[in-house]
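Working notes, structure below.
The values are calculated or read from the model by the stated rules, or taken from the named source; none is laboratory data. No experiment lies behind these values; they were computed from the predicted model shown. Heads up, the Cβs are rebuilt from the backbone with ideal geometry, glycines too, and the neighbour counts pull from every protein chain shown. Note: accessible area is taken over every heavy atom of the protein model, side chains too, but ligands, DNA and RNA are not part of it. Shrake-Rupley method; radii C 1.70, N 1.55, O 1.52, S 1.80 Å.
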There are 2 protein chains.
Amino acid sequence: MAGPAIILVEPQLAENIGTAARAMLNCGLTELRLVNPAPKWPSERAQQTSSGADSVLHNAKVFRSVAEAIRDLNRVYATSARPRDIVKIVVTPRRAGVELRQAESEGMRVGVLFGPERMGLINDDIALSDVVIAAPLNPEFSSLNLAQAVLLIAYEWLMAGDETPERILRRTSSPPAEKQHLLSFFNRLEAELEICGFFRVAEKRPSMVDSIRSMFVRADLTDQELRTLHGIVTELVTKRVGRE
Amino acid sequence: MAGPAIILVEPQLAENIGTAARAMLNCGLTELRLVNPAPKWPSERAQQTSSGADSVLHNAKVFRSVAEAIRDLNRVYATSARPRDIVKIVVTPRRAGVELRQAESEGMRVGVLFGPERMGLINDDIALSDVVIAAPLNPEFSSLNLAQAVLLIAYEWLMAGDETPERILRRTSSPPAEKQHLLSFFNRLEAELEICGFFRVAEKRPSMVDSIRSMFVRADLTDQELRTLHGIVTELVTKRVGRE
């Protein structure tokens, strides 16, 4: 899926265009449109700040009005902290991500408008848009940097189609230990602790053993890590014998 | 809820510290910690780029090592594109937002580590961390700007506690129209269309009426908008009469 066109309306700073291009490519978006950019275009400063997202800048198209920039689109979303005196559907960035993806899967071409750094979009632009996106940020400090705003929308679009597991234990090449090997380690450790007199109070032994086992089970060890633990016990035992 | 401490490890550029502070405050986070920042600190450039998040910079604490910076925390998350040769739980930013909030609600103090711009965190820092956060970005261009990475985590933390409705129709002061007023408008519009001969083909009339009604119902009009529509019909009818 190509994703929405990102349309920057009268962006004032070249570095914001560059950082926005980088944020787009981070999230797999490549179609950048500029409406009357203030910096001379193409811009070397934009290229420097894009940190390698040159292709996005190189393919960016420049337009003279919002109307021109949205001509070929079927659905336009407008980012705005505060749509004023205008009756309009308002969605969160998260919902926008889902809706943009849905529209595209129905064959629509979609785009998102971002206003100039200081002012944001004017009502004329918002009136032309199907939906307003407003992020529920800190009400006392809600103004996002332009490239940060682009990142949020691009990120939510990407996440709406993402199926990465939320939480995994990432291992090295060593596989997760089998329980039999974990149990042998417990037997060995507890035998060594017995020898060195760790279980001084006999009635506390069972609960101590359970706590120790729980700790190591919770760590979800690999084969390699079990070998390391065996090595640690061996060394500690040897040193102890040596000291006696 | 105070939210996680944001810990920047050896940040190289003052503007990234400033923009990170802005992103933090956008999402309601205020606790910034710096481990061996490269820029002279405090930094005027950081202040300029923070766009008003001065309080975050003013209260930032500087440390000489990661170990010092995390001493008082109970749980530490590390952001890393690629944890190498290390067995570690890896979560998405979305899941991290939920977990950080959960940990804090259980009384823990939490923090998130971000590595230097070019290199990211080293394994020594990742080994000290409970969990790694990896964002499932474009695999061919996954390196985020430092302040953008801070925004994603701060944003997901904020969203994990957010209850803003995903999609609403934001109105002006004018209330949604009652159906009786919508129906009178339909009656009037259809009567005028009858007069001017719009319904030339009698058998198509019912389906035409349904389409027209559907269009206006879908627009979910306010009282004010209905008045505007009445005004439009009046003007068009008057002009038509005038021309005959």
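Summary of computed values
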| read-out | value |
| --- | --- |
| Rg/Rh for the stretch A:104-175, where both radii come from Cα atoms and Rh is the Kirkwood radius | 1.13 |
| Accessible area buried, both sides summed, chains A and B with 1.4 Å probe, Å² | 4700 |
| Residues with amide H under 5 Å from that of B:Arg109, placed H, sequence gap 5 or more | B:Asn74, B:Arg75 |
| As computed over the stretch B:1-64, the Cα convex hull volume per residue (Å³) | 67 |
| Under 5 Å, built H, 5+ apart or other chain: amide partners of B:Ile89 | A:Arg170, B:Val132 |
| Neighbouring partner chain Cβ atoms per residue of B:148-155, average, 10 Å criterion | 5 |
| Point-charge dipole on Cβ atoms (K/R +1, D/E -1) for the stretch B:73-127, about Cα centre, debye to 20 | 180 |
| Convex hull volume per residue in cubic angstrom - Cα atoms of the protein assembly as shown | 220 |
| Whole-number percent relative contact order across chain A, with pairs defined as alpha carbons under 8 Å at least 6 apart | 21 |
| Electrostatic dipole magnitude of the stretch B:1-149 [Cβ: Lys, Arg +1; Asp, Glu -1; Cα centre; debye, to 20] | 60 |
| Burial order of peptide ranges A:105-111, B:233-239 (average beta-carbon count within 10 Å, highest first) | A:105-111, B:233-239 |
| HN-Hα J in Hz across the stretch B:153-170 - Karplus 6.51, -1.76, 1.60, θ = phi - 60°, x for Gly and Pro | 5, 4, 5, 5, 5, 5, 5, 4, x, 8, 10, 4, x, 5, 8, 9, 9, 8 |
| Two-decimal Rg/Rh across the stretch A:1-126, once Rg and the Kirkwood Rh are taken from alpha-carbon atoms | 0.95 |
| Cβ neighbours within 10 Å from other chains - mean over A:84-91 | 5 |
| Dipole axis of the stretch A:127-244 (+1 Lys, Arg; -1 Asp, Glu on Cβ), positive-most option in A:Leu236, A:Pro136, A:Leu183 | A:Leu236 |
| Compactness of the stretch B:166-244, expressed as Rg and Dmax over alpha-carbon positions, Å | 14.5, 51 |
| FRET efficiency for A:Val209 and A:Glu178, using Cβ-Cβ distance with R0 set to 25 Å, rounded to 0.05 | 0.75 |
| Debye-sum result for chain B in log10 I(q)/I(0), which assumes one identical scatterer on each alpha carbon, at q = 0.11, 0.14, 0.15 Å⁻¹ | -0.64, -0.85, -0.95 |
| Whole-Å distance, taken between Cα centres, linking the stretch B:1-75 and the stretch A:60-91 | 35 |
| Rounded to whole Hz, the Karplus (6.51, -1.76, 1.60) HN-Hα couplings of the stretch A:62-74, x for glycine and proline | 9, 10, 9, 7, 4, 4, 5, 6, 10, 3, 8, 8, 9 |
| Percent antiparallel among DSSP beta bridges (both partners in chain A, rounded to 5) | 5 |
| Other-chain or far-sequence residues with amide H under 5 Å of B:Val62's (modelled H) | B:Leu34 |
| Per-selection metrics, the stretch A:164-207 (Cα): Rg and Dmax in Å | 16.5, 49 |
| Karplus 3J(HN,Hα) series, Hz, for the stretch B:126-141 with 6.51 cos²θ - 1.76 cosθ + 1.60 (x for Gly, Pro) | 5, 4, 6, 8, 6, 9, 9, 9, 10, 7, x, 8, 3, x, 8, 7 |
| Accessible surface of the stretch B:1-106 [probe 1.4 Å, protein heavy atoms]: carbon and sulfur percent | 46 |
| Residue mean of other protein chain beta carbons inside 10 Å, B:12-22 | 1 |
| Average accessible area per residue (Å²) across the protein assembly as shown - probe 1.4 Å, nucleic acids and ligands excluded | 52 |
| Theoretical ellipticity at 222 nm over chain B - DSSP helices of four or more residues, -39500 (n - 2.57) apiece, nearest 500 | -14500 deg cm²/dmol |
| Anchor A:Lys61: lysines whose Cα lies under 27 Å away (excluding residues fewer than 8 positions away in-chain) | A:Lys40 |
| Per residue, the convex hull volume that the Cα atoms of the stretch A:106-228 enclose (Å³) | 258 |
